[in-house]
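Undergrad: Sending over a structure as C-alpha cells; questions will come in a sec.
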C-alpha cells in the first residue's frame with residue numbers, strides 16, 4: 001500500500017496494491033503496523049461504521065470535539081463519493097482549508113482524517129456504501145460541525161446545489177467563523 005500525505009498535515013490518502021487475475025482481485029485494506037508507521041502515530045481503531053446513500057446525499061461536515069474527538073479512516077465499498085476534510089485546528093497553518101478526494105469501489109483508495117478536522121462526503125454515483133473506522137466511540141453530546149456550503153471554505157461538491165440532498169440538521173450547522181471553540 002502507498003500512503004500519500006495531503007496538503008493538510010496529518011491527512012493521508014491510502015492506495016492499496018491490487019493483485020488481479022482471472023478470479024478477480026485481492027488487496028490488503030488495512031495493516032495496523034504499516035498504517036501507524038506511515039502516519040507517524042499510534043492509532044487504535046475501536047468502532048466501524050457504514051452508511052448507504054443515494055446520489056446527491058451529502059453528509060457533513062461533522063466532527064466530535066473534546067475528549068470524544070475522533071480520527072477516521074474512510075473508504076467506499078460500492079459506488080463513488082467525493083470525500084472532504086476541513087482543518088478546524090485554530091493553531092494550524094492550514095486552518096480553514098480543505099482537501100477533497102474521490103473514493104470509489106474502483107480505485108479502492110482510503111482517506112485518513114485525524115482529530116481536529118470536520119469531515120463530510122457527497123455521493124456521486126447512483127448509490128454508495130461508505131465505511132469508516134474511528135479511534136474513539138461516538139458521543140452524541142460531543143457532536144459538532146460546519147455548514148457544508150460555508151462560503152469561506154468554497155468547497156465544490158461536484159454536483160449542482162439543486163441535486164444535493166442534505167439533512168435538516170446539517171443545513172443548520174454554523175459557518176466556521178460562527179462555530180465557536182471546537183476544542184482544537
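Undergrad: Once R0 is set to 45 Å, what does the formula 1/(1 + (r/R0)^6) return for the Cβ-Cβ distance between residue 17 and residue 47, expressed as a FRET efficiency to the nearest 0.05?
TA: Values: r = 27 Å, r/R0 = 0.59.
With a Förster radius of 45 Å, E is 0.95.
Undergrad: What's the exposure ranking of 115, 55, 169, going from fewest to most Cβ atoms within 10 Å? Before the final figure, lay out each step's value.
TA: Values: 115 20, 55 16, 169 10.
The most exposed by this proxy come first: 169, 55, 115.
Undergrad: Before rounding to the nearest 500, sum -39500 (n - 2.57) across all DSSP H runs of length at least 4 in the chain and divide by the residue total; then give [θ] at 222 nm in deg cm²/dmol.
TA: Values: 2 runs with 12 residues, N = 184.
For the chain, the value works out to -1500 deg cm²/dmol.
Undergrad: Label residue 4 and residue 159 with points 7 Å out from Cα along Cα→Cβ: what is the distance between them in nm?
TA: Placing both labels 7 Å beyond Cα along the Cβ direction yields 2.5 nm.
Undergrad: For region 153-170 and region 78-143, what is the centre-to-centre distance using only Cα atoms, to the nearest Å?
TA: 15
Undergrad: Now for a different question. Taking R0 as 22 Å, what FRET efficiency do you get between residue 78 and residue 32 from their Cβ-Cβ distance, rounded to the nearest 0.05? Walk me through the numbers before you get to the answer.
TA: Working: r = 25 Å, r/R0 = 1.13.
Efficiency computed from Cβ-Cβ geometry: 0.35.
Undergrad: Separate question: If you take the C-alpha gyration tensor of region 97-161, multiply each eigenvalue by 5 and take the square root, what semi-axes do you get, largest first, in whole Å? Walk me through the numbers on the way to the answer.
TA: Details: eigenvalues 84, 68, 28 Å².
The equivalent ellipsoid of region 97-161 has semi-axes of 21, 18, 12 Å.
Every number in this text was worked out from the coordinates using simple rules, so none of it is lab data. None of the values given here were measured: they were computed from a predicted structure. No Cβ is skipped: glycine too gets one built from the backbone with ideal geometry, and neighbour counts run over all protein chains shown.
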